[in-house]
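Asker: The structure under discussion is supplied below as structure tokens; questions concerning it will follow.
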Amino acid sequence: MADACENAVLTHLSQFPDAVISDTFPWSKENGFDHGAVVGCIKSLEVDGYVVAESLSTSFYTLSDEAEGILANGISQEMAVFNAIVAAGSISEPDLIAAVGKDIAKIGMGKCMQNKWIQKDKETKSLVPAAVAGDVKDEVVEQLQALKEGKFAEDAISSEVSKALKKRKLINLTTRKSMKVARGPSYAPVRKRKAADLTKEMLETGAWQTTEFKPYNFQAFGEKVGGGYLHPLLKVRAEFRKILLEMGFAEMPTNKWVESSFWNFDSLFQPQSHPARDAHDTFFIKEPASTVSVPEDYYERVKTMHEVGGSGSIGYRYDFKREEAFKNLLRTHTTAVSSQMLYKLANQEGGFKPARYFSIDRVFRNETMDATHLCEFHQVEGLVADYDLSLGDLIGTIETFFKKIGITKLRFKPAFNPYTEPSMEIFGYHPDLKKWTEIGNSGMFRPEMLAPMGLPENVRVIAWGLSLERPTMIKYRIKNIRELFGHKVDMGRTRTAPVCRFDSQA
Ligand code: PHE
């Protein structure tokens, strides 16, 4: 079909050099082609220079079924009604309907009244003529006739007449797009297809030497490169990581989700009866239910600290249970890793050296899920271990970090953590929401936590933590956490989420 159409176009233009197809629409009809197919074919020929085409836009009127009826009968509804009334002299409505039919009577009566051709006799209520028969002209028929004679062209009737006929829903103006076609610069009566690809066969037979190739289209879009996309949380993580590395922090190895209660709670001086250690808050592991080993000497020192205290503390004064300490769980915070790093720092070869660590990874809590809470989320955690650090160092470090992620107004509120003293909740001013929101937690690790590890007495450790989800939701303007994380996440959004950059004021 496409070939037949192509041949017909080229043959038509072959008649003489100036041959044209003046309008593809009638031409398609005459030659038995679908107009859409002809247009497609001409566009393809035009690309290769065989033809040049010019767009045409033709406006013409079409008649509604009612108008077709009027033209066929040669009389409008109003004329039919008027004639019937003139013939009867006076006629009741039901009789008129019986005489001319319901549809004609309905439209015709209205128009006759409008034109003041008829009126209603006040006494008898019957219809009587109001105009002299010779004075009345059937204008609608004349107008439709004029249209037909003018081949329904846009200028066949005046715009006023056109408006009136359109209002009466007798005609419609339609615009048709078509083309005028002439020979192009590379015109030939038969199209030679250019090759798109160089094939093995062309090379073998030498045909490549005579084959005409399509030119390269350097404007064409390349194929979309699919593949992996970073989730918004990972984009924010990459940016946080960069900031913390810039601040001289080293990343802690947090790629282990299962921890023992010993590292998650006991090493942090969190008593074994603490409510957070209940199955309602923590996911305990069934298989394997308990850990294999912990550093025994350190275990003993932690146990002693819980039971009787030390370093100026009186401890919690309860029986520290080994089974409780050995219970496996999904870590409830990345502080479980921080304590292991501090233990290593205290016991490394050559002894303690000041250090800055951070981590950004997943934690698990047995939470009731809602728009802002899930059972698993991510924590950003930082710590600095050095001699004689003070609360001022903690506030200063936190301020520097948050400044770098664009949060400049901070407030601190006294809080409680089993493993820090003093502890401070961090509030940031949210410029969009125009209010103070809690953005993190912080503190100085307690001597009860640090002493059993074997850290020198005047070493202080300052630390803070925040969720990765909160700043990500603010950054990407996500209201419900389920749209960020979990099975309801829209993959399209992940693919198109922009790279995360924080306006750094520091
Ligand atoms: N572990 C705390 C939490 O889960 C965060 C924190 C880290 C607080 C370090 C103080 C110091 O919320």
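The values are calculated or read from the model by the stated rules, or taken from the named source; none is laboratory data. Not measured: the values here are computed from a predicted model. Because the Cβ atoms are built from the backbone with ideal geometry, glycine has one as well, and the counts that use them run over all protein chains shown. What goes into the accessible areas is simple: the full protein's heavy atoms, side chains included, and nothing from ligands, DNA or RNA. Shrake-Rupley method; radii C 1.70, N 1.55, O 1.52, S 1.80 Å.
Asker: Which ones in region 455-473 are open to solvent by 40 Å² or more (accessible area, probe 1.4 Å), within 16 Å of the ligand (Cβ to nearest atom) and modelled with pLDDT of 90 or more?
Answerer: Of everything in region 455-473, just one residue is open to solvent by 40 Å² or more (accessible area, probe 1.4 Å), within 16 Å of the ligand (Cβ to nearest atom) and modelled with pLDDT of 90 or more, namely Arg460.
Asker: Using the structure shown, decide if Thr368 is in contact with a helix residue (DSSP H, G or I) (Cβ under 6 Å, 6 or more places away or on another chain) and modelled with pLDDT under 95.
Answerer: No; evaluated as a whole, the condition is false for this residue.
Asker: Hey, another quick one. How many residues does region 41-78 hold that are open to solvent by 70 Å² or more (accessible area, probe 1.4 Å) and within 30 Å of Tyr216 (Cα to Cα)?
Answerer: 5
Asker: Still on this structure, please answer the following. Which numbered condition in (1) open to solvent by less than 60 Å² (accessible area, probe 1.4 Å); (2) more than 30 Å from Thr24 (Cβ to Cβ); (3) not in a loop (DSSP other than H, G, I, E, B) is the only one that Glu142 fails?
Answerer: Glu142 satisfies every listed condition except (1).
Asker: Moving on. Only one residue in Ser338, Ser359, Ser293 is in a loop (DSSP other than H, G, I, E, B) and either hydroxyl-bearing (Ser, Thr, Tyr) or within 16 Å of the ligand (Cβ to nearest atom) (or both), so which one is that?
Answerer: Ser293
Asker: Another question, then. Sort out which residues of region 428-454 are part of a loop (DSSP other than H, G, I, E, B) and either over 30 Å from Phe352 (Cα atoms) or more than 16 Å from the ligand (Cβ to nearest atom) (or both), and write them in order of number.
Answerer: Pro431, Asp432, Leu433, Lys434, Gly454, listed by residue number.
Asker: Mind checking whether some residue in region 160-173 is surrounded by 10 or more Cβ atoms within 10 Å (Cβ to Cβ) and more than 30 Å from Lys111 (Cβ to Cβ)?
Answerer: Within region 160-173 (the criterion being surrounded by 10 or more Cβ atoms within 10 Å (Cβ to Cβ) and more than 30 Å from Lys111 (Cβ to Cβ)), the answer is no, since none of the residues qualifies.
Asker: Taking region 284-305, which residues are aromatic (Phe, Trp, Tyr) and buried (at least 16 other Cβ atoms within 10 Å of the Cβ)?
Answerer: The answer is Tyr298, Tyr299.
Asker: Among Arg365, Arg317, which is the only one that is open to solvent by 40 Å² or more (accessible area, probe 1.4 Å) and at positive phi?
Answerer: Result: Arg317 is the single residue among Arg365, Arg317 that is open to solvent by 40 Å² or more (accessible area, probe 1.4 Å) and at positive phi.
Asker: May I ask you to say which residue of Gly443, Gly465 is assigned by the TED database to the domain that holds Ala250 and either within 30 Å of His231 (Cα to Cα) or β-branched (Val, Ile, Thr) (or both)?
Answerer: Gly465
Asker: Take region 336-378 and flag every residue that is more than 30 Å from His487 (Cβ to Cβ), within 46 Å of the chain's Cα centre (by Cα) and among the charged types (D, E, K, R).
Answerer: The answer is Arg356, and nothing else.
Asker: Name every residue in region 389-399 that is assigned to a helix (DSSP H, G or I) and open to solvent by less than 40 Å² (accessible area, probe 1.4 Å), in order of residue number.
Answerer: Across region 389-399, the qualifying residues are Leu394, Gly396, Thr397, Ile398.
Asker: What about Gly248, is it of a type outside the set (Lys, Arg), assigned to a loop (DSSP other than H, G, I, E, B), surrounded by fewer than 19 Cβ atoms within 10 Å (Cβ to Cβ) and modelled with pLDDT of 95 or more?
Answerer: For Gly248, the condition - of a type outside the set (Lys, Arg), assigned to a loop (DSSP other than H, G, I, E, B), surrounded by fewer than 19 Cβ atoms within 10 Å (Cβ to Cβ) and modelled with pLDDT of 95 or more - is met.
Asker: For the subset of region 198-226 comprising residues that are charged (D, E, K, R) and not in a loop (DSSP other than H, G, I, E, B), which member is nearest to the chain's Cα centre (by Cα)?
Answerer: Among them, the one singled out is Lys200.
Asker: Please state which one of Ser186, Ser178 is in a strand (DSSP E or B), in contact (Cβ under 8 Å) with a residue 40 or more places away in the chain and among the small types (Gly, Ala, Ser).
Answerer: From the options Ser186, Ser178, the qualifying one is Ser178.
Asker: Which of the residues belonging to region 474-488 are open to solvent by 20 Å² or more (accessible area, probe 1.4 Å) and either touching a residue at least 60 places away in the same chain (Cβ under 8 Å) or in contact with a Cys (Cβ under 9 Å, 6 or more places away or on another chain) (or both)?
Answerer: Within region 474-488, Lys475, Tyr476, Lys479, Asn480, Arg482, Phe485, Gly486 meet the criteria.
Asker: To continue, here is another question. Restricting attention to region 371-388, and to residues there that are within 25 Å of Glu239 (Cα to Cα) and open to solvent by 50 Å² or more (accessible area, probe 1.4 Å), which single residue is modelled with the lowest pLDDT?
Answerer: Ranking the candidates gives Thr372 first.
Asker: Name the residues in region 3-30 that are open to solvent by 70 Å² or more (accessible area, probe 1.4 Å) and under 27 Å from Thr175 (Cβ atoms), would you?
Answerer: Ser22, Lys29, Glu30
Asker: Also, quick follow-up: Tell me which residues, restricted to region 369-421, are of a type in the set (Val, Ile, Thr) and within 14 Å of the ligand (Cβ to nearest atom).
Answerer: Val380, Val384, Ile395, Thr397, Ile398, Thr420 - these are the residues of region 369-421 that are of a type in the set (Val, Ile, Thr) and within 14 Å of the ligand (Cβ to nearest atom).
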